[in-house]
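Undergrad: Got a structure for you, written out below as structure tokens; questions coming shortly.
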Amino acid sequence: MKAAAVAIAFAAGLLAVAGCGNGSGGAPPVKPADLSQAPRAVVWAVGDAATAGPDAGRVARMIRRAKPDRFLYLGDVYENGTAAEFRRWYDPRYGRLARTTIPTIGNHEYDNRFAGYYPYWKEKKGHRQPPWSRSRVAGWQMLSLNSQAAHGPDSSQAHWLERVLDGAAGNCRIAIWHRPRYSAGVVHGVAPDLNPLWSRLAGHARIVLSGHDHNLQRHRAKRGIVQYVAGAGGRGLYGLDRSSTTMLWGRDDVNGALRIVLKPGRALLEFRTPGGHVLDSSHVSCSPG
């Protein structure tokens, strides 16, 4: 009788542990509000921000206080994207925004993705985070792509993107991936290997957002697409090559993030310091088709 009671208690304990996988005491994750037809949405974007130090903390506090409708994390959890580092650096800074977060994977967490990145997002969202995905926000389609996975013309990712865009109307789309195609950063710089993704987006998208270079950049439109780099999330800053022929604006001496106000057919993009100061402001319009 005593043994049976112990067995029942043990089984109940296993069920309790199994029910705690989403970090909310067994309650299912709350789905984010449907913003597909919203007349307006505020989105924040930053990368290279899950790291030690007060600079990363200040950027994170600014974004959390803003309570964005969507948060775009542009990749990199330092140093190696392990489960412990997600718990130590990412979750305290951005975990409370998880239900509204659209992430893309960075080079720092890619090798450990099956131990860190994918388990973390499955726990937070209640389902496996796909390597690339799409959603809609205030009349814009958001495409989370993957600069670390294969992205050549015949890759699964390129074929997926082609299917998504085949016959799609207009160009009101924003794509995010970690490594920027266009960058004036002196550490990483341009990434021509991403041309297959850029070429497929041409005529179908207006904005690409990336991190990787630890600075803030806005570039001249290439094939109708404007590249923004928001990698000054708190890691040590990287310099800029001021002789770049594509960069229209850049800062390599300040941390910050990108605030985006989306409306159908129009986007306002502002680089802001942790104190809220607007460093650069630009508008991008699109055609819904």
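The values are calculated or read from the model by the stated rules, or taken from the named source; none is laboratory data. Note that the coordinates shown come from a computational prediction; the quantities given were computed from them, not determined experimentally. So basically every Cβ, Gly included, is an ideal-geometry build from the backbone, and we count neighbours across all protein chains shown.
Undergrad: For W121, only one of the following conditions fails: (1) within 20 Å of L258 (Cα to Cα); (2) not in a loop (DSSP other than H, G, I, E, B). What is its number?
TA: (1)
Undergrad: Another question about this same structure. Identify all residues within segment 250-266 that are surrounded by fewer than 23 Cβ atoms within 10 Å (Cβ to Cβ) and under 18 Å from the mean Cα position of the chain (by Cα); write none if there are none.
TA: V261
Undergrad: Of the residues that sit in segment 72-117 and are among the small types (G, A, S) and in a loop (DSSP other than H, G, I, E, B), which one is farthest from the chain's Cα centre (by Cα)?
TA: A115
Undergrad: Residues A205, A169, A191, A138: which one is in contact (Cβ under 8 Å) with a residue 40 or more places away in the chain and more than 30 Å from W249 (Cα to Cα)?
TA: Exactly one residue qualifies, and that residue is A169.
Undergrad: Can you find, within segment 80-102, the residue that is nearest to S135 (Cα to Cα) among those that are free of Cβ contacts under 8 Å to residues at least 60 places away in the same chain and among the charged types (D, E, K, R)?
TA: R96
Undergrad: Shifting gears a bit: Being in contact with a strand residue (DSSP E or B) (Cβ under 9 Å, 6 or more places away or on another chain) and among the polar types (S, T, N, Q) is the filter; apply it to segment 198-249 and report the residue that is surrounded by the fewest Cβ atoms within 10 Å (Cβ to Cβ).
TA: Here the residue is T246.
Undergrad: Let me ask something additional. Considering (1) touching a Phe, Trp or Tyr at 6+ places or on another chain (Cβ under 9 Å); (2) part of a helix (DSSP H, G or I); (3) crowded, with 20+ Cβ neighbours inside 10 Å, say which one H151 fails and leave the rest.
TA: It fails just one condition, (2).
Undergrad: Restricting to segment 154-171, count the residues that are at pLDDT below 95 and either surrounded by 12 or more Cβ atoms within 10 Å (Cβ to Cβ) or in a helix (DSSP H, G or I) (or both).
TA: Residues that pass the stated criteria total 1.
Undergrad: Being hydroxyl-bearing (S, T, Y), touching a strand residue (DSSP E or B) at 6+ places or on another chain (Cβ under 7 Å) and at negative phi is true for just one of Y117, Y110, Y73. Which residue is that?
TA: Y73
Undergrad: Report the residue count in segment 186-197 for those that are surrounded by fewer than 22 Cβ atoms within 10 Å (Cβ to Cβ) and either touching a helix residue (DSSP H, G or I) at 6+ places or on another chain (Cβ under 7 Å) or within 25 Å of T273 (Cβ to Cβ) (or both).
TA: So the answer is 5.
Results for (1) closer than 23 Å to A230 by Cβ; (2) modelled with pLDDT under 60, shown as yes or no for each residue.
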{"site": "G25", "(1), (2)": "no, yes"}
{"site": "A41", "(1), (2)": "yes, no"}
{"site": "P68", "(1), (2)": "yes, no"}
{"site": "F71", "(1), (2)": "yes, no"}
{"site": "A83", "(1), (2)": "no, no"}
{"site": "T100", "(1), (2)": "yes, no"}
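Undergrad: So which residues in segment 147-166 are touching a residue at least 12 places away in the same chain (Cβ under 8 Å) and within 20 Å of the chain's Cα centre (by Cα), if there are any at all?
TA: S147, Q148, A149, H151, Q157, A158, W160, L161, V164, listed by residue number.
Undergrad: Sticking with this one: Can you tell me which residues in segment 81-131 are touching a helix residue (DSSP H, G or I) at 6+ places or on another chain (Cβ under 6 Å) and surrounded by fewer than 16 Cβ atoms within 10 Å (Cβ to Cβ)?
TA: R128
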